[in-house]
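Every number in this text was worked out from the coordinates using simple rules, so none of it is lab data. What you see is a predicted model; the values in this text were computed from it and never measured. Don't worry about glycine lacking a Cβ; one is built from the backbone with ideal geometry, like all the others, and counts go over all protein chains shown.
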Amino acid sequence: MIDHSKRATLRTLAAASAAPLIAGFPRFAHAADFSFKYGHNLPVTHPLHIRAQEAADRIAKESNGRVEIKIFPNNQLGGDTDMLAQVRSGGIDLFTPSALVVATLVPVAAINAVGFAFADYNQVWKAMDGGVGAHVRAALAKVRLHAFEKMWDNGFRQTTSSRGPINTAKDFDGLKIRVPVSPLSIAMFKAMGAAPTSLQFSEVYTSLQTKVVDAQENPLPIIQVAKLYEVQKYCSLTNHIWDGFWMIMNGASWERLPDDLKKIVANAINDAGVKQREDIAKFNQTVEADLKSKGLQFNTTSPDSFRAKLRESGFYEDWKKRFGNEAWALLEQASGKLA
Ligand code: X2X
């Protein structure tokens, strides 16, 4: 007696083994109708990469192989500003730039990075899942970049240094500090008396190792996954900027998708973004102890002297003018009065 179910299984297995394995994707006997390239700047150990891979797998499965997203981590496709140019031109289809970096193209995107604006995550997500987020996404759409609704978390940025701990604003005097390619970060650290230099993330480790700069600033999960504790001695919890990543897609690539696939892609990416936020919250419960065990010396700080220095220097007034009253009012709805 022929066992038809066994034959059916054999047929499926034969078909599956013919398809190339793409990054853990389920195998499909047909090539994808839509094949997208997604580049980012983080190591594969960061929750952003892990959740993005999960979303890509889910999209492949739910679209029955019609949509594949190939992920290129760790600046494999170039520095942050290069990838920003590529996602604009269509050279790549997806990129997760920090708001700081995408602001080199759409200045208002840096609004969430105004120094010491947010005291905690309640304020952050109120703003980014609310009016501020919608305002920034609308500005990105104007330059033909489709930003998915849920922002991914980078975190509250802290200051590491090999020179000494930062306790108050005067400790920034003359500090050679690396910041991303971000006009707001340069202006803020200059206003606090430091000597900031913009460098791509892929250059940070070496620039600290070779003393091109003495300090850098990033959320603790980044300091851990990028092993910056190997080239820094002090970590001061300055919480000076909350930073997040926008998952952006080239407008034409997004528009090519039919509505049913748009839905599958958007749901998977937004769900992954929310899970990634939870990952960072969990990561933050253990990372400080881990970094201490790796030799980093921690100190806490109060925002008061930093805010006072920024206010005296006119930093808030200046950036309120640059962002405009509408965006600034949306920010202050979540952060409280700043300027
Ligand atoms: O470059 C950085 O410091 C990083 C990784 O935080 C950003 O993407 C802005």
By its C-alpha gyration tensor, with a ≥ b ≥ c as the square roots of the eigenvalues, how is the range 221-339 shaped: rounded for a/c under 1.5, else prolate for a/b larger than b/c, else oblate? oblate
Using only the Cα atoms of the range 152-272, what semi-axes does the equivalent ellipsoid have when each is the square root of 5 times a gyration tensor eigenvalue? Give whole Å, largest first. 35, 14, 13
Where the only charges are on Cβ atoms (+1 Lys, Arg; -1 Asp, Glu), what is the dipole of the chain about its Cα centre, to the nearest 20 debye? 300
Identify which of Asp318, Asp57, Asp279 has the largest mean-square fluctuation in a Gaussian network model of the chain, with springs joining Cα atoms closer than 10 Å. Asp318
Expected output is a single nm value to one decimal: the length gained when fully extending between Lys262 and Gln76, i.e. 0.36 nm times separation in residues minus the C-alpha distance. What is it? 64.3 nm
Evaluate the relative contact order of the chain (contact order divided by residue number), counting alpha-carbon pairs under 8 angstrom at least 6 apart; express in whole percent. 23
With everything on Cα atoms, drop me the angle between helix 304-313 and the longest principal axis of the chain, reported from 0 to 90° to the nearest 10. 80
At 25 °C and 0.890 mPa s, the Stokes-Einstein diffusion coefficient in µm²/s for the chain, with hydrodynamic radius from the Kirkwood sum on alpha carbon pairs, is 116
Taking the Cβ of Ser185 as the center, what net charge do the other residues with Cβ under 11 Å away carry, scoring Lys and Arg +1 and Asp and Glu -1? +1
Counting only other residues whose beta carbon sits under 11 Å from that of Pro258, what net charge do I get with K and R as +1, D and E as -1? 0
Length-normalised contact order for the range 233-339 - Cα pairs under 8 Å, 6+ apart - percent: 45
Cα gyration tensor category, rounded, prolate or oblate, for the range 99-220 with a/c compared to 1.5: prolate
When the charge dipole of the range 245-339 is computed with +1 on Lys and Arg Cβ and -1 on Asp and Glu Cβ about the Cα centre, the Cα farthest towards its positive end, among Trp246, Phe283, Pro303, belongs to Pro303
Given a Förster distance of 41 angstrom, what is the FRET efficiency for Asp290 paired with Asp129, based on the Cβ-Cβ distance and rounded to 0.05? 0.90
Nearest 10, in degrees from 0 to 90: the angle of helix 47-62 to the longest Cα principal axis of the chain is 30
Rounded to the nearest 20 debye, what is the charge dipole size of the range 119-248 about its Cα centre when +1 sits on each Lys and Arg Cβ and -1 on each Asp and Glu Cβ? 260
Taking the Cβ of Ala127 as the centre, find all other residues whose Cβ is under 15 Å away and add up their charges (Lys, Arg: +1; Asp, Glu: -1). -2
Listed residues Trp328, Pro43, Ser161: farthest to the positive end of the dipole of the chain (Cβ charges): Pro43
Filter Lys126/Lys170; Lys61/Lys262; Lys170/Lys227 down to the pairs with a C-alpha to C-alpha distance above 23 Å, please. Lys126/Lys170; Lys170/Lys227
Going by alpha carbons, how many degrees (0 to 90, nearest 10) lie between the helix axis of 259-293 and the longest principal axis of the chain? 50
Of Lys142/Lys263; Lys263/Lys321; Lys150/Lys282, which pairs sit farther than 26 Å apart, going by alpha carbon to alpha carbon? Lys263/Lys321
